[in-house]
1. Of the conditions (1) without any contact (Cβ under 8 Å) to a residue 40 or more places away in the chain; (2) over 13 Å from Val27 (Cβ atoms); (3) crowded, with 17+ Cβ neighbours inside 10 Å, Asn45 clears all except one; give me its number.
2. Among the candidates Pro71, Pro67, Pro40, single out the residue that is over 9 Å from the mean Cα position of the chain (by Cα), touching a residue at least 12 places away in the same chain (Cβ under 8 Å) and open to solvent by less than 80 Å² (accessible area, probe 1.4 Å).
3. Here is a list: Glu51, Glu76, Glu30, Glu58. Which entry is open to solvent by 70 Å² or more (accessible area, probe 1.4 Å), part of a loop (DSSP other than H, G, I, E, B) and more than 19 Å from Glu17 (Cβ to Cβ)?
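The values are calculated or read from the model by the stated rules, or taken from the named source; none is laboratory data. Computed from a prediction, not measured in an experiment: that's the story for all the values here. Here the Cβ is made from the backbone with ideal geometry for all residues, glycine too, and neighbour counts use every protein chain on show. Surface areas here come from the heavy atoms of the whole protein model, side chains and all, with no ligands, DNA or RNA. Shrake-Rupley method; radii C 1.70, N 1.55, O 1.52, S 1.80 Å.
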Amino acid sequence: MGHRLNFHLHFQHHHHEVPKGCLAVKVGHEGEEQHKFVIPVMYINHPLFMELLKEAEEEFGFDQKGPITIPCHVEEFRNVQGIIDNHYSIHHIGCFH
């Protein structure tokens, strides 16, 4: 029934810029400046984030190198991030500065 994501998530921890249990993603619609977000790995289990990953997969393919690029507007991503944070009751646990 559901769409199975085929992403190869590269959990690379360069120095200490991405804390353990977190994942770096780049966000920005075509023609927009991309912003880097560091998010909890548990986001990838949330249906809203899975939709964003599906869009990224359709736009860029399965095996992106480095941070995953999500092709949506930064404000839209921030809204989704807020919804997911509320769902998991995340209060910026170690992934945010």
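1. (3)
2. Among Pro71, Pro67, Pro40, only Pro71 is over 9 Å from the mean Cα position of the chain (by Cα), touching a residue at least 12 places away in the same chain (Cβ under 8 Å) and open to solvent by less than 80 Å² (accessible area, probe 1.4 Å).
3. Answer to the check: Glu30.
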